[in-house]
Every structure is written in C-alpha cells, then in structure tokens.
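One structure is given here, and the rest of the page talks about it.
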Amino acid sequence: MTGHGAVVVGGGIAGTSVAAELAAAGVGRPVLLEAEAELARHTTGRSAASYIPGHGPAPTRALTAASRERFDALAAEAGHGFLHPRPVLHVASTADEERVLREEILPLAPVTEVTPDEAVRRWPALRPEAVRAAAMVEDACDADPVGLHQHYRQRFRALDGEIRTAAPVVGIERLDRGWRVTIGDGGTVDTDLVVLAAGAWTDRLLALAGAPPLGLTAYRRTIAIARVPSGAPVRPDDPFAVSATDSWYAKPEGQYLLVSPSEETPQEPGDARPDELDVALALERVNEVTTLGLRSVVTSWAGQRTFAPDRALVVGDRPEQPGLHVFAGQGGSGIETAPSAAALARAVALGEDVPVDLRRHGVEAAHYSVRRIL
C-alpha cells in the first residue's frame, strides 16, 4: 500500500529506539507520533536510570545482559558513553531482607556477597548495626536516559524518520491491507506496520483498534533529591544502595542524595505526581539504616512504570491483528534494556530472526511474545 512503511506511537525511549531500529532496517518513510508537545515527558525523563545486571525477572535479565555490548556500540557511534560505572550495594537490615538476599539475590551470577563490615566501608553512611547481610553488583552503572533518547532521536531523523509531536492518536482502523491511524487534528497515516510503544497508554490504543487489552498496569514511583547535612559521610563515588526487599534506594546526585521509597502505587495513565507522604517515607527509610539524618528535599517527582501481568516485556502482534504490534511493559527496566529490546522488537515486527548477540544471552522471541497473553 502507499503511505508510511511504519508508524510508531509513543515518543519515550521505547518508541524512539524501535523507530530508529526500523529506520536502520530500511523501512521507508517511518513516522513517530507523540501525543504530548515534547518527547519523553512522562517516564523516560523521570527515570533514576541505572544499568544493573541481574535486575528483574529472567526475561528482563537476559535483555539487560544483551544490552551491554550494544551500549558500547552506541557509545562508539555517538562518540561518548551512556553508561558510567556505579556499583550497586544490596543491603539486608532485617531477617526477612536477609532471607530474600540469600534466596533471591545472591543466586544471580553478577551478584557477590560482602561482609557487613565491607558494606559499611563501601558506603560509610550505613549504620553498622543496621546491616545483617549485603551483596554487591560490581559492574552496574549509572545510565544517561536523556542522552540515550537524544541519540536514538538523532539517528531516526538522520535516516529520514519523521517525528510529529502534539499528535495524539484518536483512531486505528484496519484496512483491506494495513492500517489507518487517525491523529487528533483529523489527519490520517496509512501504513503496513503500527508499533504501539506508548507505555501505560498502550491498552487504550489497542481499544481504538478493537483489540483486547493486555492487562498492563501503571504504577507510580516517587523520587526525591535530598539535602545532605554538612559533614555527612556522602561521597560522589558511593554505590547505588538498595534494600534487599526493594523498600528504598539511594545514590549520590551531585552534592545531594537521590532517594526513593520504591513504592508501586497503581494509577491511571497520566502525569504522575509525587506524594508528600512517599517523599517523607523515603527519607525515613534511608535514615533508619544510615547516619545521614536527612530532613529536607530540594525537589521531588514521580514517574510511571508499566508492567504486564507476568512483569515481562510484551512484543509482537496477535494473529487476528497482523501488523498491529505492541512494544510495552518495560517496567522499571526501560533504559537498561533499551538497546536489546528495540532490536528484538524490530526483528519481530519485520519477521526477522532474533539477532545472534541477543540469542547468545538467552533472548528468544517466545519469552516476550504478546501471544503468551492470549
């Protein structure tokens, strides 16, 4: 059919990365549609952004591992890196947290147990009496979500991709061959391939096409930048500290400390706002295990993390809607898995084999297929 070779809906890291991959594959006249006036407004730009090997369920861990070489390739292409070393320190302060650390965290390959004394040496802000057990992920990194998103955007445009902002999708119609996407201004785009990469809004977009929902759920996650009292033991190269049960995390942010209560509060798709009680809870939980005495914050924000029922990425189309693909459910791993997840989504959408480097890390299309949710 005439029209665009692909329409990608969603301008966050998911949509922008897969759009760039499709353009690189030679898909003609690809277009990226974003409902907001700017790209990456809701989730990508609000991420704590880390690359943590061993993080998440097995399908996510495979994508994270497969992304490392691709991050290096992107860095060579851009002339600068998107990952910067920062080890992760898992801290167990209670008997239950110690059980979780030993049964669920330590069995993962990249994780190494350290003594409580070593944990305090690595993060001097810890109260020694608050550490029952600990573990380190030495090859974890901070990530640069804004820089990564910008690189994919520039690559997409360099390959003749078109980006339209303030272009909400209000209709998706099946044609005799392909799809017609209607935009809020009344314009339409005809295409053989639609990729819905709109995070929490993906189920709503599927409904426009008369397709059943995936059961995606958006959860709010609050982050605050806390002031560090004068003389407090905080160093720029301190690790990213995380409770073993994911009830708080903290890491240096310039002269401040980034903290979160790691909450998961279900919410409707929209502009997530921080809750003052969650900000206070973050300070309280970090203070319980440290000597920092955090009392105030410079700023706070909230983002949305979207999960499928089994918490694995969802990729592909259904037999009854060929060409209407989804690329959603990245949860809290959208940045660390972006390079490999986008390559997987491209392969599935174009009917290609999963790239060899992804398969080497255990990435198989069936593990992420939308058809598992049928």
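Bear in mind that the values in this text are calculations on the coordinates, not laboratory data. A quick note: this is a predicted structure, and the numbers were derived from the prediction, not measured. Positions of Cβ are backbone-derived with ideal geometry, glycine not excepted, and every protein chain shown enters the neighbour counts.
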Legend entry - Prolate/oblate/rounded call for region 179-261, Cα gyration tensor, a/c under 1.5 rounded: prolate
Inset, instruction - Working from Cα positions, state the angle (0 to 90°, nearest 10) between the long axis of helix 13-24 and the longest principal axis of the chain. - result: 50 degrees
Inset, instruction - Starting from the amide H of VAL228, placed 1.01 Å from N in the peptide plane, find each other amide H under 5 Å away whose residue is 5 or more places distant or on another chain. - result: LEU257
Legend entry - DSSP bridge pairs, region 242-374: antiparallel proportion in percent, nearest 5: 90 percent
Inset, instruction - Using the number of other C-beta atoms within 10 angstrom as an exposure proxy, rank VAL356, VAL91 with the fewest first. - result: VAL356, VAL91
Inset, instruction - Tally the DSSP beta bridges in the chain and give the antiparallel ones as a percent, rounded to 5. - result: 75 percent
Inset, instruction - Using the Kirkwood radius over Cα pairs, work out the Stokes-Einstein diffusion coefficient for region 84-188 at 37 °C and 0.692 mPa s, in µm²/s as a whole number. - result: 179 µm²/s
Inset, instruction - Starting at the first residue of region 235-252, write each ³J(HN,Hα) from the Karplus equation 6.51 cos²θ - 1.76 cosθ + 1.60 with θ = phi - 60°, in whole Hz, x for Gly and Pro. - result: 10, x, 9, 4, x, 7, 9, 9, 6, 4, 9, 6, 9, 6, 8, 7, 7, x
Inset, instruction - Could you tell me how many degrees, from 0 to 90 and to the nearest 10, lie between the Cα long axis of helix 276-289 and the main elongation axis, the longest principal axis, of the Cα atoms of the chain? - result: 40 degrees
Inset, instruction - With +1 on each Lys and Arg Cβ and -1 on each Asp and Glu Cβ, and nothing else charged, work out how big the dipole of region 111-240 is about its Cα centre, in Debye to the nearest 20. - result: 420 debye
Legend entry - Mean projected area in nm² (Cα convex hull; one quarter of hull surface) for the chain: 17.9 nm²
Inset, instruction - For region 144-175 and region 304-374, write down the distance between their C-alpha centroids in whole Å. - result: 18 Å
Legend entry - Relative intensity, log₁₀ I(q)/I(0), of region 1-152 from a Debye sum that treats every alpha carbon as a point, q = 0.10 Å⁻¹: -0.50
Legend entry - Separation between Cα centres of region 218-286 and region 36-113, rounded to whole Å: 16 Å
Inset, instruction - For ALA133, enumerate residues with amide H under 5 Å from its amide H, sequence gap 5+ or separate chain, H modeled in the peptide plane. - result: ALA92
Inset, instruction - Apply the Karplus parameterisation 6.51 cos²θ - 1.76 cosθ + 1.60, with θ equal to phi minus 60°, to every residue of region 292-301 and state each ³J(HN,Hα) to the nearest whole Hz, in sequence, with x for glycine and proline. - result: 6, x, 5, 10, 9, 10, 7, 7, 8, 7
Inset, instruction - Hey, can you grab everything whose amide H is under 5 Å from the amide H of ILE163? Only 5+ residues off in sequence or another chain; H modelled, so Pro and N-termini drop out. - result: LEU32
Inset, instruction - Quick one: what are the phi-derived ³J(HN,Hα) couplings along region 179-187, Karplus 6.51/-1.76/1.60 with θ = phi - 60°, whole Hz, x for glycine and proline? - result: 9, 10, 9, 9, 9, x, 7, x, x
